[in-house]
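Here the structure is laid out as structure tokens; the discussion comes afterwards.
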């Protein structure tokens, strides 16, 4: 009886969470879609001018800024994160724990005080740039990638390692060709979650990216991603301007949904491949 009651309570909590997300999604689309239809989806996505007071609602510079800063963060964060995960899981074991509770504003403050002046003095430009944002985001996604990748590597059965070593492989060869391959689905999930963190981050990016409404042509150019634009202008936006920010949220929502669906498909494909491989080995 108690189990049935607990199950019903948990089901109610789960349904309430889903209902809340559905309500938020409905509100965003309700507020944003009219502006998209008014301006035109092509004009909204490919327009290069963002001037709400003048009736210009083009978000192409912000889309490209979001894409480039996310790719930059992945270039920095993925190799570093997976390398750290291998070190933690395969070399030092349970002796070290990763702390991931640093607020994003602290990352942004460190970026403003240390990273931005360093970029300005070393490479030129204003310092507030795509490069600065990519480095900060690359560091911020490390805890996500490292923790999930470490758990995935530790979940690989020891029999895999023992079988590889018994066949004459070195520990390094076993890690590269056996352990990492067996844990690739979990590692991919960590990369996808890290990408989601990079796309959705706002405060740290606002502090170091420069917030310029231009298409970036260099890593040293200042940028303004989609999330930063919403955060910077929502406080004073009214009318079509406010609806345009909701429309930006719609595009961001769709972009993240496509990313999640792609990640789910790749993960399932990886699991299917693993199952086929195990069946062939048997």
Stretch gain in nm, segment residue 12-residue 238, where the contour uses 0.36 nm per residue and the Cα spacing is subtracted: 77.7 nm
Segment residue 262-residue 102, extension gain: residue separation times 0.36 nm, minus the distance between their alpha carbons: 54.7 nm
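Hey, what number do you get for the chain at 222 nm if only DSSP H runs of n ≥ 4 count, each worth -39500 (n - 2.57), divided across all residues, to the nearest 500? Don't skip to the end; give the middle numbers.
Working: 13 runs with 197 residues, N = 282.
The per-residue figure over the chain is -23000 deg cm²/dmol.
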Rg/Rg_globular for the range 2-62, with Rg_globular taken as 2.2 N^0.38 Å and Rg from C-alpha atoms: 1.90
Rounded FRET efficiency, nearest 0.05, which uses the C-beta distance separating residue 91 from residue 169 and R0 of 22 Å: 0.85
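Viscosity 0.692 mPa s, temperature 37 °C: what is the translational diffusion coefficient of the range 93-238 from Stokes-Einstein with a Kirkwood Rh over Cα pairs, rounded to a whole number of µm²/s?
186
Per residue and in Å³, how big is the convex hull formed by the alpha-carbon atoms of the range 52-176? Display every interim value, and only then the final one.
Values: hull volume 21.0 nm³, N = 125.
Enclosed volume per residue, from the Cα hull, is 168 Å³.
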Descending principal axes extents, the chain, alpha-carbon based, whole Å: 71, 62, 36
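Quick one: length gained pulling residue 185 to residue 118 fully straight, 0.36 nm per residue minus the C-alpha distance? Walk me through the numbers on the way to the answer.
Values: separation 67, 0.36 × 67 = 24.12 nm, distance 3.73 nm.
Once the chain is fully extended between residue 185 and residue 118, it gains 20.4 nm.
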5 Å binning of all Cα-Cα separations within the range 162-275, expressed as whole percents from 0 upward: 2, 10, 13, 14, 13, 11, 9, 8, 7, 5, 4, 2, 1, 0
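Coordinate-derived values only; no laboratory data. These figures come from a predicted structure and were not determined experimentally. Please note: Cβ atoms are built from the backbone with ideal geometry, for glycine as well, and neighbour counts cover all protein chains shown.
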